[in-house]
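Here's the structure we're looking at; comments come further down.
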Amino acid sequence: MDIHPSAVVDPAAQLADGVSIGPNAVIGVGVSLADGVRVGAGAVITGDTSIGAETEIFPGAVIGGPPQDLSYKGEPVSVEVGARCVLREHVTITAGTARGRGKTVVGDDCYFMVGVHVGHDCIVGNGVVLSNNVLLAGHSTFGDYVLIGGAAAIVQRVRVGAYAFISGLSGVTKDVIPFGYVIGHRGRIDSLNLVGLKRRGFKRDQIRKLLDAYEVLFHGEGTQAERVARVRADHGADDGVDAILKFVDDAPARPLLQPLPKTAPTDDPHAATEFLETGR
């Protein structure tokens with residue numbers, strides 16, 4: 001254990017072997033740091049907060065502070081951060097609320113860049129990458145391997161499915177399906193995250209089934225319920241498509257982020273297939 005003399009560590013905090021705490025860092029009474037956690041200079045970890053093994057917290061980060069919610073009256077709430085995460089300078093993660101989940105959760109192997117804010121009651125999956133100054137509002141949830149570009153903002157209670165990509169500066173106001181690709185100042189779906197799928201080892205036939213499901217779900221005829229039923233009948237046995245269907249089924253009243261309407265003269269139906277073949 002390596003604790004700088006200027007660090008302020010409450011005697012009741014639980015520190016495992018291999019913990020390193022830098023100058024002027026503050027570790028509060030309810031904090032638990034697992035083996036190999038590194039805390040940078042001036043970082044503050046407070047409240048009922050647990051940090052998983054080998055997570056690195058950079059200078060100026062504040063983890064476990066009270067929720068930014070006017071309903072909060074000092075109730076017992078918490079933060080859980082998983083193993084092997086990297087929380088860069090000035091990341092803030094606030095605790096849950098009594099009227100929400102009661103805790104804010106970050107999974108394993110996440111990478112949060114400078115200035116990221118994770119609001120109260122958020123649930124963030126494993127392997128999530130948040131670029132500089134991304135803002136996650138309260139009660140929002142994120143599946144595994146989501147990637148969000150710089151200065152994007154996610155509003156309250158929005159769900160973002162696994163493997164989705166959200167471009168920088170996008171404002172996301174509705175749920176994003178798993179594997180979705182979001183662009184635009186007022187974020188909209190623009191096909192699937194093909195680059196991310198290829199990088200994660202998805203095969204061409206898997207991606208083609210996902211693209212077929214996407215076309216029916218967002219550009220097919222009929223009501224959303226009818227389109228979902230068609231996707232289920234045609235491709236429901238595929239694991240990836242099933243993940244999309246479960247995402248919709250879990251909150252059928254939630255609105256899904258939509259694409260712009262197709263314009264036949266400019267749309268290229270072969271573009272996605274060409275990308276799968278060439279990678280361009």
query: Which residues, counting only those in region 138-170, are aliphatic (A, V, I, L, M), within 11 Å of the chain's Cα centre (by Cα) and in a loop (DSSP other than H, G, I, E, B)?
result: 146, 158, 162, 164
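To keep it simple, each residue is scored yes or no on (1) in the same structural domain as residue 242 (by TED's automatic domain parsing); (2) surrounded by 22 or more Cβ atoms within 10 Å (Cβ to Cβ); (3) outside any loop (DSSP other than H, G, I, E, B); (4) within 16 Å of the chain's Cα centre (by Cα).
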position: 190; (1), (2), (3), (4): no, no, yes, no
position: 202; (1), (2), (3), (4): yes, no, no, no
position: 207; (1), (2), (3), (4): yes, no, yes, no
position: 211; (1), (2), (3), (4): yes, no, yes, no
position: 215; (1), (2), (3), (4): yes, no, yes, no
position: 226; (1), (2), (3), (4): yes, no, yes, no
message: Test of understanding: among 185, 235, which residue is touching a residue at least 24 places away in the same chain (Cβ under 8 Å) and either in contact with a helix residue (DSSP H, G or I) (Cβ under 7 Å, 6 or more places away or on another chain) or surrounded by fewer than 22 Cβ atoms within 10 Å (Cβ to Cβ) (or both)?
response: 235
Selected residue [charged (D, E, K, R), closer than 18 Å to residue 88 by Cβ, in a loop (DSSP other than H, G, I, E, B) and modelled with pLDDT of 95 or more] from 54, 75: 54
message: Can you tell me which of (1) out of contact with any Leu (no Cβ under 6 Å at 6 or more places or on another chain); (2) more than 17 Å from residue 47 (Cβ to Cβ); (3) not charged (D, E, K, R) is the one residue 112 doesn't meet?
response: (1)
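The values are calculated or read from the model by the stated rules, or taken from the named source; none is laboratory data. All figures in this text were calculated on a predicted structure; none of them were measured in a lab. Virtual Cβ from ideal backbone geometry, glycine too; neighbours counted across all protein chains shown.
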